[in-house]
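A.B. asks: For reference, the structure I am asking about is given below.
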Amino acid sequence: MAVRTIPDRTGLDLDEACARARVVAFDLDNTLARSKKPMSPEMGRRISTLTTLIPVAIVTGGSFALIDSQVLAMLTDDADRTHLHLMPTSGTRYYRWSGSDWHREYAHDMNSDDRRNVIAALERHAREQGIWCEHPWGDCIEDRGSQITFSALGQRAPIERKEAWDPDNAKKNRLAEAVGRDFPHLAVHSGGSTSVDVSQRGIDKAYAVRTLASLLDTQVGRIIYVGDRMDPDGNDYPAAMAGTIAIRVSGPEDTLRLCDALIAGLSRNAGATV
């Protein structure tokens, strides 16, 4: 399969993208916020404004609890929560605002045998490869029901340690390949800066954006998808390959600038249709 190079915000006609778009979807870690950290107040204001202009989706390998602490807690009072679509654990779960709370619409959980065996295999292969952390910052393996996530340094490791641990993704990719050979019926892929995610095969960020398009009665090609891991080994790449209007960002500061451009473009389109 040919490798697709995903453009950044300077390599795309954003006015044209805004004219086509019916949804804007974002990755979370290192796109909207640093790993496990809340969005900045500035980002909270941008995302809140976007929800008043267009449906907004959060598609992340993280859990709903992380979306809650990193995104929802930082929204302003102006945010239109009915326009928010939350897809944690790489789209294996989906939440909508009920008017008073967030309601889980679906969950594609792994069976208990697979979850138990995957947890054992992740630790075994990590130890064999010399990347098992004996003194982590929090749990190294988290059972999220629909996804098992390995975090090499622990869930609460300092950001600077996470970002320096595997800059070329070689460690994560090697672990994912080893675990994938053990479980050919499951999807095993490199996740965030220190993580490997395991879920049911066929349920990844490509599944998430296709499901989102169906739920919102639109086309995948009308979804803008924003993420930092747009390389072929990255967990945002399947969403790009599914046919979204994919935009690569280098981090939250870059996403802030992109959000400003999207808000301006969507506002112009809204004014033109009045």
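The values are calculated or read from the model by the stated rules, or taken from the named source; none is laboratory data. As the structure is a computational prediction, the values presented were derived from the model and not from experiment. All Cβ positions, glycine included, derive from the backbone under ideal geometry; neighbour counts span all protein chains shown. Heads up: the accessible areas ignore ligands, DNA and RNA and are worked out on the full protein's heavy atoms, side chains in. Shrake-Rupley method; radii C 1.70, N 1.55, O 1.52, S 1.80 Å.
A.B. asks: Given labels modelled 7 Å from the Cα in the Cβ direction, how far is it in nm from residue 260 to residue 73?
C.D. replies: 2.7
A.B. asks: May I ask for the Rg/Rh ratio of the chain, computed from Cα atoms with Rh as the Kirkwood radius, given to two decimals?
C.D. replies: Here Rg/Rh amounts to 0.96.
A.B. asks: Right, another one. Please compute the modelled spin-label separation between residue 139 and residue 3, points set 7 Å along Cα→Cβ, answer in nm with one decimal.
C.D. replies: Calculated label separation equals 3.5 nm.
A.B. asks: Considering only protein heavy atoms, what is the solvent-accessible area of residue 207 at a probe of 1.4 Å, reported in Å² to the nearest 10?
C.D. replies: My reading of the accessible area for residue 207 is about 60 Å².
A.B. asks: Moving on to the next point. Under 12 Å from the Cβ of residue 115, count the other residues' Cβ atoms, weight Lys and Arg +1, Asp and Glu -1, and hand me the total.
C.D. replies: With Lys, Arg at +1 and Asp, Glu at -1, the net is -3.
A.B. asks: I've got another one for you. Write down the Kirkwood hydrodynamic radius of region 221-274, to one decimal in angstroms, obtained as one divided by the mean of 1/r over all alpha carbon pairs. Walk me through the numbers before you get to the answer.
C.D. replies: On the way: mean 1/r = 0.0823 Å⁻¹.
When all Cα pairs of region 221-274 are included, the Kirkwood radius is 12.2 Å.
A.B. asks: For the chain, what is the calculated [θ] at 222 nm in deg cm²/dmol (nearest 500), taking -39500 (n - 2.57) for each run of four or more DSSP H residues and dividing by its residue count?
C.D. replies: About -11000 deg cm²/dmol.
A.B. asks: Once amide H atoms are built 1.01 Å from N in the peptide plane, which residues 5 or more positions from residue 245, or in another chain, come under 5 Å H to H?
C.D. replies: When sequence neighbours closer than 5 places are left aside, the close amide H contacts are 223, 224, 225.
A.B. asks: Can you tell me the equivalent ellipsoid semi-axes for region 77-131? Use √(5λ) from the Cα gyration tensor, largest first, whole Å. Before the final figure, lay out each step's value.
C.D. replies: On the way: eigenvalues 254, 41, 10 Å².
Each semi-axis is the square root of five times an eigenvalue, giving 36, 14, 7 Å.
A.B. asks: Just the number please: accessible area per residue for the chain, 1.4 Å probe, all protein chains included, in Å².
C.D. replies: 43
A.B. asks: Please calculate the 1.4 Å probe accessible area of residue 74, with all protein chains present, and give it to the nearest 10 Å².
C.D. replies: 50
A.B. asks: Roughly how tilted is helix 205-215, in degrees to the nearest 10 and between 0 and 90, from the longest Cα axis of the chain?
C.D. replies: The angle comes out near 40 degrees.
A.B. asks: Cβ under 15 Å from residue 166's Cβ, residue 166 left aside: what net charge do those residues give with Lys, Arg +1 and Asp, Glu -1?
C.D. replies: -3
A.B. asks: Enter the accessible area of residue 40 (Å², nearest 10), with the probe set to 1.4 Å and all protein chains included.
C.D. replies: About 40 Å², ignoring ligands and nucleic acids.
A.B. asks: Explain nothing, just the number: dipole magnitude of the chain about its Cα centre with +1 on each Lys and Arg Cβ and -1 on each Asp and Glu Cβ, in debye rounded to the nearest 20. Could the numbers behind the result be given before it?
C.D. replies: On the way: 33 positive and 38 negative charges, 49 e Å.
Around 240 debye, computed over the chain.
A.B. asks: Still on this structure, I have one more. Determine the relative contact order of the chain: mean sequence separation of Cα pairs under 8 Å and six or more apart, normalised by residue count, in whole percent. If you can, show how the numbers build up before the last one.
C.D. replies: On the way: 510 pairs, mean separation 66.3, N = 274.
It comes to 24 percent, rounded to a whole number.
A.B. asks: Further question: Roughly how many percent of the accessible protein surface of the chain is carbon and sulfur, given a 1.4 Å probe and a whole-percent answer?
C.D. replies: Here carbon and sulfur together make up 47 percent of the probe-accessible area.
A.B. asks: For region 151-274, what's the relative contact order in percent, using C-alpha pairs closer than 8 Å and at least 6 residues apart?
C.D. replies: Numbers: 137 pairs, mean separation 21.4, N = 124.
That works out to 17 percent.
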